[in-house]
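Encoded as structure tokens, the structure appears first; notes follow it.
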Amino acid sequence: MTIESLEGKIQRVGNIADMLRNAPQGPYDYPMRNEYSNWRDEQVAWKKTSVLYDQSFHMTDIYFQGPDAKRLFSDLGINSFTNFGRNKAKQFVGCNYDGYVIGDAILFGFEDDEYSLVGRPVAPNWVAFMAETGDYDVKVTRDERAVDNKGTRLTFRFNLNGPLTGRILEKAVGGPLPRIKFFNMGEFEIAGVPIRALNHTMAGVPGAEFTGLELMGPFDQASTVRQALLEAGKEFGLREGGGRSYPTTAVESGWIPSPVPAIYTGEAMKPFREWLPANGFEANASIGGSFYSDDIEDYYVTPWDLGYGHMLKLDHDFVGRTALEKLADQPHRTKVWLRWNNEDTAAVIVDSLFGTGDRPKYLDIPVSNYASGPHDKVVIGDKLVGLSANAGYTMNIGGWGSMAMVDEKHAVDGAEVSIVLGEEGGGSAKPTVERHVQRTIRATLHTKPTE
């Protein structure tokens with residue numbers, strides 16, 4: 001039996017924007033316990049003590065091993081790979097031939113010829129496709145996320161975030177930790193298990209030294225390491241974090257998690273669409289929000305939109321370079337944080353639950369996303385100035401916030417904007433969308449994380 005491809009599905013359905021707008025898939029799935037205590041205390045922990053998240057199940061992890069591993073990523077990434085190798089890591093960003101983002105993921109250099117790309121499926125799939133169909137001497141090993149995995153995983157992945165993370169790990173290790181530079185990896189043991197640890201943070205200010213470490217090791221030793229961490233963390237107030245609080249870390253740290261991958265159009269991307277299955281993530285990741293277009297390319301984003309413009313390095317040739325060179329001097333959108341007006345937000349919640357007549361779109365708490373990729377209009381008056389992409393409530397902010405991509409000329413600290421909440425025409429056919437009317441919420445713009 002022939003398995004339908006993404007390209008086949010597009011040809012059969014017709015309008016890909018309409019298909020994804022009405023796709024039944026809801027927000028990205030985090031197959032972990034919802035709460036270990038409560039999501040509010042779990043959020044506070046990454047600000048005041050430390051929180052432990054088990055990241056072992058929700059991300060696609062693909063290994064690339066061989067003499068051409070570095071060349072493969074250099075050919076596909078906008079990043080520089082001049083000094084990349086063992087115990088290095090970076091936020092890999094891949095673009096299509098027209099300079100629009102396909103996806104991003106964390107790239108780990110375990111050895112000079114062995115890498116692992118970890119994140120939502122799109123970027124790992126793109127690199128795997130190019131490795132398998134291009135002229136590369138690379139072995140590809142897939143370690144699928146839990147929703148696509150019929151067996152067990154190869155690697156466990158624990159993330160600790162918060163100001164007491166270093167002290168907890170020193171106790172678990174039994175001595176001082178090696179100094180690990182930001183986005184580098186170190187090696188040590190916990191309870192006799194060899195660990196690789198990446199220095200980065202998912203919450204708070206990116207780049208803050210030693211507020212976040214991601215620990216990796218053999219999956220069959222996960223419980224041993226977890227128990228050692230929990231025991232070491234007792235006196236420091238370590239909390240385990242669950243699936244309700246986990247995605248809210250992005251609201252504070254500033255990651256825009258689900259841009260629409262720029263893969264659905266263009267002859268150059270057709271072989272990739274033919275390689276992808278119709279039942280995969282890329283064919284079913286829903287889009288939602290008040291921004292509406294029948295042209296899927298209107299949802300495509302550039303590296304500048306996502307705050308990745310500084311990662312663009314022209315010291316090598318790569319897919320999309322020529323297009324990005326032409327775009328470099330053009331006006332861009334840029335990543336900002338929006339702090340929602342408390343009164344407007346509270347009114348939407350009250351009216352959505354207790355109002356009579358037409359009701360606004362319900363805001364789930366603590367994460368308000370009801371589609372894989374949220375796209376709410378950001379306006380000044382009647383003028384569209386950007387898109388709000390990821391919304392939620394955190395105790396540390398003390399209110400609702402969202403990440404947004406806003407025209408550069410309007411990206412001014414303290415600027416007042418409005419977010420149009422809810423979908424056109426009463427809502428799409430997504431099962432996560434009840435019938436509703438649109439409502440406007442005022443917001444204050446910030447170019448750095450809000451508190």
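See the values below:
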item	result
Pairs from LYS9/LYS88; LYS88/LYS270; LYS377/LYS448 whose Cα-Cα separation, in the structure shown, is over 28 Å	LYS9/LYS88; LYS88/LYS270
Rg/Rh (Cα only; Kirkwood hydrodynamic radius) as it applies to the range 268-335	1.01
Placed amide H near GLU240: partners under 5 Å, 5+ positions off or other chain	LEU52
Largest to smallest principal axis extent of the C-alpha atoms in the chain, angstrom	62, 53, 48
Relative contact order %, the chain, counting alpha carbon pairs below 8 Å whose residues are six or more apart	21 percent
The chain - share of DSSP beta bridges that are antiparallel (%, nearest 5)	90 percent
Gain on full stretching of the segment that runs from SER37 to ASP148 - 0.36 nm per residue minus C-alpha separation	37.1 nm
For the range 175-188, Karplus couplings with θ = phi - 60° (6.51, -1.76, 1.60), whole Hz, Gly/Pro x	x, x, 7, x, 6, 10, 5, 4, 6, 10, 10, x, 10, 7
Surrounding net charge for LEU276, when Lys and Arg each add one and Asp and Glu each subtract one, Cβ distance under 9 Å	-2
Selected from VAL319, THR345, GLY357, residue furthest toward positive end of dipole (the range 316-399; charges at beta carbon)	VAL319
In Hz, Karplus ³J(HN,Hα) per residue of the range 131-143 (6.51, -1.76, 1.60; θ = phi - 60°; x = Gly, Pro)	5, 7, 10, x, 8, 10, 8, 9, 8, 10, 10, 9, 10
Length released on extending from VAL13 to HIS316, taking residue separation times 0.36 nm less the Cα-Cα span	105.2 nm
Label point distance in nm, ALA346-ILE3, each placed 7 Å from Cα along Cα→Cβ	5.2 nm
Rounded to whole Hz, the Karplus (6.51, -1.76, 1.60) HN-Hα couplings of the range 366-379, x for glycine and proline	x, 10, 9, 6, 10, 9, 4, x, x, 9, 9, 5, 10, 10
Proximal charge balance of ASP305 [Cβ under 9 Å; K/R count +1, D/E count -1]	+2
Relative contact order %, the range 72-114, counting alpha carbon pairs below 8 Å whose residues are six or more apart	38 percent
Cβ-Cβ FRET estimate between GLN330 and SER293, R0 fixed at 30 Å, reported to 0.05	0.90
Assigned charges on the beta-carbon of Lys, Arg, Asp, Glu; the chain dipole about Cα centre (debye)	940 debye
Cut-off under 5 Å, modelled amide H: who pairs with PHE156 long-range	GLY217, PHE219
Förster-model FRET efficiency, 51 Å R0, THR224 and ASP382, C-beta, rounded to 0.05	0.30
Dipole of the range 331-446, positive direction: furthest Cα of SER388, GLY373, GLY425, with charges on the beta-carbon	GLY373
Descending Cα extents along the principal axes, the range 1-134, whole Å	47, 44, 32
Residue-span extension gain [THR141 to VAL437] - 0.36 nm each, minus C-alpha spacing	101.9 nm
14 Å beta-carbon shell around ASP135, net charge (K/R +1, D/E -1)	-3
Given charges at beta-carbon only (K, R positive; D, E negative), |dipole| of the range 173-332 in Debye	480 debye
Restricting the range 391-451 to trypsin sites (Lys or Arg not before Pro) in coil, as DSSP defines it, with at most 14 other Cβ within 10 Å	ARG435
Gyration tensor over alpha-carbon atoms, the range 331-446, equivalent ellipsoid semi-axes in Å	23, 16, 13
Cα-Cα over 30 Å, subset of LYS47/LYS90; LYS139/LYS313; LYS326/LYS430; LYS90/LYS335; LYS90/LYS171	LYS326/LYS430
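Read the figures in this text as sums done on the coordinates, not as results from a lab. Source: prediction; values computed, not measured. All Cβ positions, glycine included, derive from the backbone under ideal geometry; neighbour counts span all protein chains shown.
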